[in-house]
Structure formats: structure tokens, C-alpha cells
Amino acid sequence: MITPNQFKSGSDSDRIEQAVTHAVKTGACSIEIPCVNEISGHPLWQIDRAILLPSDFTLVLRDCRIELAPHARCNFIRNAGTSRQPLEGNRNIHIIGIGNAVFSGGFGGHFSMNGDMNGWEAIGILFYNVDNFRMTGFRVEEAHNWSISMENGCANGYLGNIDFLNTGRHFKKELGFCPNQDGINLRKGCHNITIENITGVCTDEVVALTGLRSKRTRPPRKPGARPNMIGGSQPGPDDDIYNVTIRNVKAWNAWGYGIVGVRAADGIKCYNITIRDIIDVSGPDTKRINALLKIGTNRYFNERPSLLGEIFNLHVDNLVSRGQMVIRLEAPLQDSVIQNVRGYGDCTTMLQKISPEIACRNVMFDGRPLS
């Protein structure tokens, strides 16, 4: 197995890149980052730029801690096609954690603002148009924005056995209200993906399906920053989010937002979505979430909110929460089944529409039609 310890010159980022290059050149197509960094003698690898993974490649993380170097403003990992112009997709990329594998944003905010104000460079693991991927067996601690984002057509993938420790404790509130530390985001065009066995805490949604686009070129939210979405939000040939399974999520939200979100707007369809076994594990001394599951959005869109027939065929089963409500419905819903929704503690609202005008067509809620 090729490891960065075989390369003695340069920074930790240099040595990891040399290992990747050597693995591709020799046909090994895989490297392992071990626990101990033999140059420093410590169980720590500090990176000052994103690790770029090419097609047909496996990165093994064996009991290692990969941390952003002080003041580094970069991702943990991107697919290699994102370093080219025009951007290129990749295929067959696997990130496999063994033992106690950790990605850490380090201590303190590295950016001049918090969260998505800094564009896509602040995202932890960022994939653009990657076909056939697998991520499993690691933790993400204090990411500077979303921990993992799959964007612009990522497909045929698996994300499982991932833990989050995103509390926002190192961020300065004067830099922005929320660091926006989502766990996993699937954005426009993502399909045929399973997300399972997810644990931990985030300051925004732990799993979010976010279908947004715009015909206009939107400037960055902060002057000089990268756009929020790599590859842009312009309409593409297949922007829908579909054939997604989210199951066995046991998590809580440190800032009181939701756990799972299904947000499609701007004409993007979101369908064939299975959501089951989602448990709010917050305690009595933590902030109550406002809703475990949020369907649709009445705020976050560029062109228009979702219409009836654009979010459909959702199968929701076994949701448990102590939040203000279990399900918050913000957009029309069609051809869906919702069952086994339970609240505990002070939670007595199982499902609430934000407006009585929101239409539901052929939706069953615990065996009864939802009007």
C-alpha cells in the first residue's frame, strides 16, 4: 500500500499529492493515509489545499486525523475534475475510513465570514458530477461550511457510517449568524444515491436534498469569494433529484434547525425518495429543533417555489422527535405515503403545513388522506 510516509519532501499536502501521483502512475490506484505522520512523529496530517482524487481511485483513511492547517481556506477533498477548466466529472472514487478516521476544520474560523458566504471553497468534501462513488467510515469535525456536498449530477453513490461533530463552537457570531454546518447535501442533478447510518450533531440540516437553479449568473454572496455551487446553478439537462434513500439517521441540531430537508424549487423535480428511521436524539439540555423533516421551501429559491407535481413519490416511515413539530410541509406534495410519525416530550404536532393553501394530492398520512 502506498502512503505519504514514503515521500519525505515538502508539506503534508505535497506528500499526499506525491503519493496520489505515484499510485496513478504505477497502476495501484489507491493510497492509505496512516495514523502517524513519520515526519512530525504525531498522529496528524495538516493540509493547506484540497486533496484531489482522480477517477478509478480509492483513498483509505486508517485511524488518521486530517486537519486544515492554520488559516488554510480550502476543501478537505475534491474530485480532480474540479481543478480543470472547463470543469470535468470523474468516476469510481471511494473514500474508506478504517478505525478512527477524522476530517477536521481545525480550531477557529479560517474565513472572514461564516458558512456559505465564503463559497464552495469552504465546503469540506466536494464532488462535482462524479459517477459511482462511495464514502464511509469517518467523522467530520467543525467543518467551515457544509461537511459533504454532492453537486451537478453526482450519481450512483453511497454515503454511510459517517459521524458529524459540527457545533459551531469555534466560530465568531459577529462574522455571521450561523456557520451553516450541514452534514450531507445532495444538490441539483443528484440521483441513485443511498445515505445511511448517519450520526452526530450539525448546526444546520444533517441531510439535505437541495434542488435550486437559476438562469441568471448570481454573484458570490461575499465580494471575491467563489460561487456557492461549483459549476454554477444554471439549468442543466438533468437537474432533478431522484431515487434517493435516507435511512437510519440518529442526530441532533445544535442551533435548533431540522435534521432532514427535501427542498426542491425553480422547476426542479424531487421524487422517488425514501426517508425512514430518522431519530432526533437531542437531550433535555439541548435546543429543540423546529422540525425533524422539512418538505419543500417557501424561502430558499431563485426563480420560484415548487409547484404541485414537482415533489412527489416520497415514502416516509418511522420519524421520532421532541422538536416543535415532526414534519413541516412548506410546498405542495403529491403521490406520497407518510407513516409512523411520533413525538415525545413536549412534541404534540406530527405534521404542520405553513399555510392551509398548500395542496396535497394522493398523500396518505398514517393511513388517512392528507388534504
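Filter segment 223-252 down to residues that are under 24 Å from GLU330 (Cβ atoms), modelled with pLDDT of 95 or more and not hydroxyl-bearing (Ser, Thr, Tyr), then give me how many there are.
Filtering segment 223-252 down to residues under 24 Å from GLU330 (Cβ atoms) leaves 228-229, 233, 235, 239-247, 249, 251-252.
Remaining after also requiring modelled with pLDDT of 95 or more: 239-247, 249, 251-252.
This time we only want the ones that are not hydroxyl-bearing (Ser, Thr, Tyr), so: 239-241, 243-244, 246-247, 249, 251-252.
So the count comes out to 10.
If you check every pair at least six apart or on different chains, which have Cβ atoms under 7 Å apart with a residue in segment 1-13 that is closer than 16 Å to GLY41 by Cβ and touching a residue at least 24 places away in the same chain (Cβ under 8 Å) first and a residue that is assigned to a helix (DSSP H, G or I) and of a type in the set (Gly, Ala, Ser) second?
Cβ pairs passing all conditions: THR3/ALA19; PRO4/ALA19.
Filtering segment 132-160 down to residues that are assigned to a strand (DSSP E or B) and of a type in the set (Asp, Glu), which residue is farthest from ARG91 (Cα to Cα)? Steps first, please.
Going residue by residue through segment 132-160, those that are assigned to a strand (DSSP E or B) are 132-141, 148-151, 155-160.
So of that shortlist, the ones also of a type in the set (Asp, Glu) come out as 141, 151.
Details: GLU141: 27, GLU151: 14 Å.
If we take residues in segment 132-160 being assigned to a strand (DSSP E or B) and of a type in the set (Asp, Glu), then GLU141 is farthest from ARG91 (Cα to Cα).
So which of HIS110, HIS94 ends up being under 25 Å from TYR158 (Cβ atoms) and touching a residue at least 40 places away in the same chain (Cβ under 8 Å)? It would help to see each step written out before you state the result.
Numbers: HIS110 fails: under 25 Å from TYR158 (Cβ atoms).
Step by step, each of HIS110, HIS94 is checked, and only HIS94 is under 25 Å from TYR158 (Cβ atoms) and touching a residue at least 40 places away in the same chain (Cβ under 8 Å).
Among the residues of segment 25-77, how many are charged (D, E, K, R) and at pLDDT below 95?
Of the residues in segment 25-77, the ones charged (D, E, K, R) are 25, 32, 38, 48-49, 56, 62-63, 65, 67, 73.
Cutting the leftovers down to at pLDDT below 95 gives us 73.
Number of matching residues: 1.
Name the residues in segment 52-69 that are out of contact with any Cys (no Cβ under 6 Å at 6 or more places or on another chain), over 15 Å from GLU141 (Cα atoms) and outside any strand (DSSP E or B), would you?
PRO54, SER55, listed by residue number.
Being in contact with a Leu (Cβ under 8 Å, 6 or more places away or on another chain), of a type in the set (Gly, Ala, Ser) and farther than 20 Å from THR210 by Cβ narrows it down to one of GLY296, GLY367, GLY345, GLY323, so name that one. Talk me through it step by step, then tell me what you get.
Details: GLY296 fails: farther than 20 Å from THR210 by Cβ; GLY367 fails: in contact with a Leu (Cβ under 8 Å, 6 or more places away or on another chain); GLY345 fails: in contact with a Leu (Cβ under 8 Å, 6 or more places away or on another chain).
Just a single option satisfies the conditions, and that option is GLY323.
Kindly evaluate LEU52 against the criterion of being in contact (Cβ under 8 Å) with a residue 40 or more places away in the chain and surrounded by 15 or more Cβ atoms within 10 Å (Cβ to Cβ).
Values: in contact (Cβ under 8 Å) with a residue 40 or more places away in the chain: no; surrounded by 15 or more Cβ atoms within 10 Å (Cβ to Cβ): yes.
Criteria not met by LEU52.
Just to be sure, is ASP285 surrounded by fewer than 21 Cβ atoms within 10 Å (Cβ to Cβ) and free of Cβ contacts under 8 Å to residues at least 24 places away in the same chain?
yes
Please identify the pairs in which a residue from segment 143-155 that is farther than 24 Å from PRO70 by Cβ has its Cβ atom under 6 Å from the Cβ atom of a residue that is among the acidic types (Asp, Glu) and surrounded by fewer than 24 Cβ atoms within 10 Å (Cβ to Cβ), counting only partners at least 6 apart or on another chain.
Close Cβ pairs satisfying both conditions: ALA155/ASP131.
The values are calculated or read from the model by the stated rules, or taken from the named source; none is laboratory data. All values reported here derive from a predicted model rather than from experimental measurement. For neighbour counting, all protein chains shown are included, and Cβ atoms are generated from backbone atoms with ideal geometry for every residue, glycine included.
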